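One structure is given below, encoded as structure tokens.
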């Protein structure tokens, strides 16, 4: 199929580069069906024609790209939203409003191609963008790139100063966010075991006696996929036992 694409960027050179990259995309093919330099012009285009994908810059005159993305969700047939920006720090917010993908400038052809392939799958399945993506993954910005870490791979989340450590069996990542916000959004997947830690319910294996250098003798939970045991606070002990079926 050929995807109809809307480009929204206030810089003519940025729009020109995206047009060129889209022209090089083959699977799926992409047709630039509209361009806008601001949110108001973009909404005017969307009032008269449908698009499969909207490539949005974030810093726009007037309403910004985040506000535009929110407005698009109210449309009867909203396009899949892919942010294309020079600013990596908005990735978490993009995830929260269920963007399809988040590309940082200068955009590489293979990353744009991957985003279009996601949009193609959504269009073929007849689903809204929010049914597929970010709802089951964390977007993490590291060393100038944005990673999508599936929640199914996350073993625990632990607060460390102003960051949250996201631990999988393969790696650790730092997420700029709040542990309480993560718990509010995905509390059904995780159990709070301490004021500074959430663990994946599916990864919990055992509750064991544990001696902590600061807190003395207590309990810790063992998780599948990692050797370390995480301390359980007395306040959360009953919740952990219940989660383990004890």
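The values are calculated or read from the model by the stated rules, or taken from the named source; none is laboratory data. If you're wondering where the values come from, they're calculated on a predicted model, not measured in any experiment. Heads up, the Cβs are rebuilt from the backbone with ideal geometry, glycines too, and the neighbour counts pull from every protein chain shown.
A few notes on this one:
- Of all residues in segment 188-223 being surrounded by 12 or more Cβ atoms within 10 Å (Cβ to Cβ) and not in a strand (DSSP E or B), the one that is modelled with the lowest pLDDT: 215
- Under the condition of being in contact (Cβ under 8 Å) with a residue 12 or more places away in the chain and part of a loop (DSSP other than H, G, I, E, B), the residues counted in segment 224-246 number 5.
- Qualifying positions in segment 187-217 - touching a helix residue (DSSP H, G or I) at 6+ places or on another chain (Cβ under 7 Å), farther than 15 Å from residue 167 by Cβ and without any contact (Cβ under 8 Å) to a residue 40 or more places away in the chain: 207
- Residue within segment 142-149 that is over 16 Å from the mean Cα position of the chain (by Cα) and either buried (at least 18 other Cβ atoms within 10 Å of the Cβ) or in contact (Cβ under 8 Å) with a residue 60 or more places away in the chain (or both) present: no
- Some residue of segment 204-215 being touching a strand residue (DSSP E or B) at 6+ places or on another chain (Cβ under 9 Å) and within 19 Å of residue 179 (Cα to Cα): yes
- Residue list for segment 72-92, restricted to those being touching a helix residue (DSSP H, G or I) at 6+ places or on another chain (Cβ under 6 Å) and either under 19 Å from residue 145 (Cα atoms) or surrounded by fewer than 18 Cβ atoms within 10 Å (Cβ to Cβ) (or both): 81, 82, 83
- Note on segment 224-246: residues that are surrounded by fewer than 17 Cβ atoms within 10 Å (Cβ to Cβ) and touching a helix residue (DSSP H, G or I) at 6+ places or on another chain (Cβ under 7 Å) total 2.
- Condition met for residue 23 (assigned by TED's automatic domain parsing to the domain that holds residue 7 and surrounded by 17 or more Cβ atoms within 10 Å (Cβ to Cβ)): no
- When we screen 71, 50, 94, 44 for residues that are in contact with a strand residue (DSSP E or B) (Cβ under 9 Å, 6 or more places away or on another chain), without any contact (Cβ under 8 Å) to a residue 60 or more places away in the chain, within 27 Å of residue 178 (Cα to Cα) and not in a strand (DSSP E or B), the only hit is 94.
- Checked against the criterion of being in the same structural domain as residue 65 (by TED's automatic domain parsing), touching a helix residue (DSSP H, G or I) at 6+ places or on another chain (Cβ under 7 Å) and modelled with pLDDT of 95 or more, the candidates 14, 30, 39 yield just one match: 39.
- Any hit, segment 112-121, residues being assigned to a helix (DSSP H, G or I), in contact with a helix residue (DSSP H, G or I) (Cβ under 7 Å, 6 or more places away or on another chain) and either under 15 Å from residue 30 (Cα atoms) or not assigned by TED's automatic domain parsing to the domain that holds residue 46 (or both): yes
- Within segment 4-38, the residues that satisfy the criterion of being touching a strand residue (DSSP E or B) at 6+ places or on another chain (Cβ under 7 Å), assigned to a helix (DSSP H, G or I) and under 19 Å from residue 102 (Cβ atoms) are 15, 18, 22.
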